[in-house]
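Asks: I'd like to ask some things about the structure below.
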Amino acid sequence: FEQLEGVRNEVQIPILLMGYVNTVMQYGIENFCRKAAEVGVDGVILPDLPMDEYNEFYKQVFENNNLSNVFLVTPNTSDKRLKLIDESTQGFIYVVSTDSTTGNNKGLSGAEDYFKRIKNSNLKNPYLIGFNIKDRETFCLASKYAHGAIIGSAFIKAIKDSKNLKEDIYKFVEGIKKD
């Protein structure tokens with residue numbers, strides 16, 4: 001939270017924190033949500049927070065602090081569960097592109113049928129595709145089927161040893177955007 005103090009003076013885009021629910025629970029759910037709201041966080045991604053637990057015990061705390069809890073769906077998520085997630089979401093749904101881990105070299109081959117299934121589900125919430133989105137090609141493919149795409153590991157790798165962060169970020173983003 002110290003790193004985020006004053007960030008809203010310079011950043012207007014939504015800010016989300018991603019981590020594990022155990023860390024949040026050790027901090028205290030109410031304390032965490034209150035502090036996150038104080039520093040300008042808009043939402044969290046806690047992949048190991050069960051949806052039923054969230055709805056029963058924590059949803060009101062998140063809502064009282066204007067924090068969205070972003071749920072993840074995978075290729076193995078049933079249509080019934082997808083609808084339940086859509087009903088429990090106040091922000092966006094994170095569509096995990098494959099049944100692999102983030103940052104691997106698997107790519108998106110074979111994912112289009114899954115992306116089409118999500119697109120045809122008539123979800124009320126926007127959804128973004130993430131995991132294995134690493135370049136213009138994968139970004140464009142994901143964006144074709146969703147409201148956008150999330151680039152995580154590839155971005156971190158691109159700036160990991162940066163000597164000129166501003167320039168390297170610009171180059172990375174331009175590489176995604178270029179026609």
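Asks: Step through the table entries K80/K124; K144/K177; K134/K177, compare each Cα-Cα distance with 24 Å, and write down the pairs that go over it.
Replies: Table pairs above 24 Å Cα-Cα: there are none.
Asks: Hey, what number do you get for the chain at 222 nm if only DSSP H runs of n ≥ 4 count, each worth -39500 (n - 2.57), divided across all residues, to the nearest 500?
Replies: Dividing the helical sum by the residues of the chain leaves -11500 deg cm²/dmol.
Asks: What number in nm² do you get for the stretch 1-120 if you take the convex hull of its Cα atoms and divide its surface by four?
Replies: 8.6
Asks: What percentage of the solvent-accessible surface of the chain, computed with a 1.4 Å probe over protein heavy atoms, is contributed by carbon and sulfur atoms?
Replies: 51
Asks: Heavy-atom accessible area per residue, the stretch 29-80, 1.4 Å probe: how many Å²? Don't jump to the answer; show the numbers that get you there.
Replies: Numbers: 2570 Å² over 52 residues.
On a per-residue basis, the stretch 29-80 sits at 50 Å².
Asks: List the longest stretch of the chain that has no exposed loop site; here a site is one of the trypsin sites (Lys or Arg not before Pro) assigned by DSSP to anything other than H, G, I, E or B, with at most 15 other Cβ within 10 Å.
Replies: 1-105
Asks: Projecting each Cα onto the charge dipole of the chain (Lys/Arg +1, Asp/Glu -1 at the beta carbon, about the Cα centre), which of I129, N65, Q12 comes out farthest on the positive side?
Replies: The one lying farthest along the dipole's positive direction is I129.
Asks: A follow-up question, please. Rounded to whole Å, give me the distance from the Cα center of the stretch 129-179 to that of the stretch 1-21.
Replies: The distance from the Cα centre of the stretch 129-179 to that of the stretch 1-21 comes to 20 Å.
Asks: Note the full-extension length gain between I29 and V11 as 0.36 nm times their separation in residues minus their Cα-Cα distance, in nm to one decimal.
Replies: Values: separation 18, 0.36 × 18 = 6.48 nm, distance 2.51 nm.
Result for the pair: 4.0 nm of gain on full extension.
Asks: In debye, nearest 20, what is the charge dipole magnitude of the stretch 135-179 about its Cα centre with +1 on Lys and Arg Cβ and -1 on Asp and Glu Cβ, if you could check?
Replies: Result for the stretch 135-179 is approximately 60 debye, rounded to the nearest 20.
The values are calculated or read from the model by the stated rules, or taken from the named source; none is laboratory data. No experiment lies behind these values; they were computed from the predicted model shown. Counting neighbours? That spans all protein chains shown, and the Cβs are built from the backbone with ideal geometry, glycine included. With ligands, DNA and RNA removed, areas are computed over all heavy atoms of the protein, side chains included. Shrake-Rupley method; radii C 1.70, N 1.55, O 1.52, S 1.80 Å.
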